[in-house]
Structures are given as structure tokens and as C-alpha cells.
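**Q** Mind having a look at this structure? Questions to follow.
The values are calculated or read from the model by the stated rules, or taken from the named source; none is laboratory data. Computed from a predicted structure; not experimentally measured. Cβ: placed from backbone, ideal geometry, glycine included. Neighbour counts: every protein chain shown.
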Amino acid sequence: MSLNVEAARAAIGRANRIAVLTGAGVSAESGIPTFRTNGGFWQTHRFEDLATPEGFARNPARVWEWYEERRRGIAAAEPNPGHFALAQLEAQLETTKSEFTLITQNVDNLHQRAGSKNILRLHGDIFITRCMCCSHERLETSPLKELPPKCHCGGTMRPGVVWFGEMLPEGTIERAGAAVCQSDVFLVAGTSAQVYPAAGLIPLALQNGATVIEVNPEATDFSDAVTIALRGTSADLLPQLL
Ligand code: BJW
Ligand code: ZN
């Protein structure tokens, strides 16, 4: 075990309040593609077409086909040792009355399926559909019968996720910021930290004196600033840390 892994383990062991930020990289070892790295969606697809309100307005069927394909892939995937390690840490901290907040940018449900409970989902949930007209929401985990799906009010349903240029679900970034400011340790795993406001939580933690630990096989814009940068995958490193 490297010195850095030891130092990160020790910081986590001492902490009373832990906040975690995860991104697409934590689900990569479950077979779910990321956005910006090797084979990521934005290397073959235009995000303007698939992940903006304008792209959806231009061609709802195209956007829905992409989401439906991803929903199928996620439904067939299983949480990996990285997801399970975070759920175990939360369960352990519960017994010592320590605080644990898992902040995720992921729209898959793998943290939840691994047993994590206190989850703040910054970018929504791919299994929720929401009516463009009356905002009615439905949780739909099985394949959809029609694309785009329709609401009982006749309106078109959209995926319950956050696209570029849209606000995050009400209160989530505020709650995430509060958890980060109060944390002794902020663990950041599997995110390129390029999308805001999520990425802004990293400098916020540093300003508030938290030990910031990054887990990522690649360097990010924040690697030099964080307290401990660990190079490796989350399925490999998170179980060693926690
Ligand atoms: C591994 C691994 C392994 C690989 N183990 N690791 C301030 C400054 C500049 C711009 C803005 C700003 N504030 C707002 C903006 C605009 C915009 C933005 O940030 N743009 C930037 C790109 C510059 N932000 C927004 O629009 C946000 N809304 C907002 O701010 O509202 C207020 C506002 C509105 C209008 C104007 C101004 C303010 C909303 C952002 C929504 C992002 N949506 C998406 C799609 C969600 C739905 C879906 O999934 O379909 O969210 S885009 C996509 O990126 C997705 C992700 O959650 C998000 C982050 O990606 P993530 O998770 O980091 O993945 P990758 O692929 O980038 O990185 C994977 C990482 O894993 C890599 O580092 C790998 O190395 C690593 N990895 N294998 C561990 N095994
Ligand atoms: Zn409706």
C-alpha cells in the first residue's frame, strides 16, 4: 500500500464528518461509459444535441433513444466494489454517530443499489420522467412503451436529469455546499471536475480546511491543489481506503 493511500486511510479514520463527491468514473467499472474520457459519450456524440433543452426541443425522439439505451445499460449493470465501499463506510459511520453525505453527479442508481442512503443527486435520476407541461414525475425502471413518453395530461415527458444551462434540483447544491463546508474529509472520486457548480465544491472544501482526497486514474485541474491525489480506479482504491 502506498504512503499516500496510508495517509488517506488515516485521515478518513480520524474524521467525524465525511462528504464524498462522485462522478461517472465510479460507475466505469460497472460497464457504464463516462462522458469525457476513453470512449466517453462526448467523444462520439454532440452534447448540444443530447444534453441541452434546445437539443431536446429540436429532436425529442433522438434524445429519448439515447436515454433509453443508457437506461437499459444501467438496469443491466451491477454496483462495483467502489460503490459498495462507500455504502459500507456510511453504515460504519452511522454506528459512531458521525456524519456522511454522498454527493453524486451520476444519474444511474448504482450507489442506491449498493446500499448508500444519504445521497444528494445533483444531476437528477435517469429513471425518473417528468412532464414538460405539468411537471408530473414518474419513476419508470422498465423499458418505455412509446418514445417520447406522454403524460396523462397529454404533455411530452422528458428525462428527469439536469442538462447544460439548467438549474440543479432545488436545494441540492445548497445542501451539498453545507455538507462540504462542515466536513473534515472531502473525498472526490471519478469526476473530471469540469462541470459546475459540482466542481466548485472542491475549492470550497479546500477553503474550509477539509482534507481533500482525489481518486482518479488521470490528473484533473484540481490534482495539484488537493491534499492527497491518488492515481487509480475507484473499484480498486475505495475498498483500500475505507
Ligand atoms: C475513473 C475511472 C475509474 C475513469 N475509477 N475514475 C461556471 C463556470 C463555467 C461554466 C459554468 C459555470 N456554472 C455553470 C456553467 C455552465 C455549465 C458548465 O459547467 N459547463 C462546463 C462544461 C464549463 N453548467 C451547467 O449548465 C449546470 N447548471 C447550472 O450551472 O445552472 C445554473 C446556470 C445556468 C445557466 C448559466 C449559468 C448558470 C448544469 C450541468 C449539468 C450537467 N449535465 C450532465 C448530463 C446529465 C444527464 C445525463 O447523464 O445524461 O451531467 S453533463 C455530464 O457531465 C453529466 C455528468 O454528471 C457531468 C460530470 O461529468 P463527470 O461525472 O465528471 O464525468 P467525466 O466523463 O467528465 O469524467 C469521468 C472521470 O472519471 C475522468 O476524470 C476519468 O479519469 C475518471 N475515471 N475511469 C475512477 N475506473
Ligand atoms: Zn403532464
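**Q** Here is a check on your reading of the model: is residue 191 part of a loop (DSSP other than H, G, I, E, B), in contact (Cβ under 8 Å) with a residue 40 or more places away in the chain, out of contact with any Pro (no Cβ under 8 Å at 6 or more places or on another chain) and loosely packed, with under 14 Cβ neighbours inside 10 Å?
**A** No: the conditions fail for residue 191.
**Q** Has segment 175-182 got any residue that is under 18 Å from the mean Cα position of the chain (by Cα) and over 30 Å from residue 224 (Cα atoms)?
**A** Of segment 175-182, the ones under 18 Å from the mean Cα position of the chain (by Cα) are 175-180.
Then drop every residue that is not over 30 Å from residue 224 (Cα atoms), which leaves none.
No, the conditions are met nowhere in segment 175-182.
**Q** Could you grab the pairs with beta carbons closer than 8 Å, sequence gap of 6+ or different chains, first residue in segment 86-101 and at negative phi, second one assigned to a helix (DSSP H, G or I) and of a type in the set (Lys, Arg)?
**A** Listed pairs, sorted by first residue: 101/175.
**Q** Would you confirm whether any residue within segment 169-183 is at pLDDT 95 or above and within 23 Å of residue 33 (Cβ to Cβ)?
**A** Within segment 169-183 (the criterion being at pLDDT 95 or above and within 23 Å of residue 33 (Cβ to Cβ)), the answer is no, since none of the residues qualifies.
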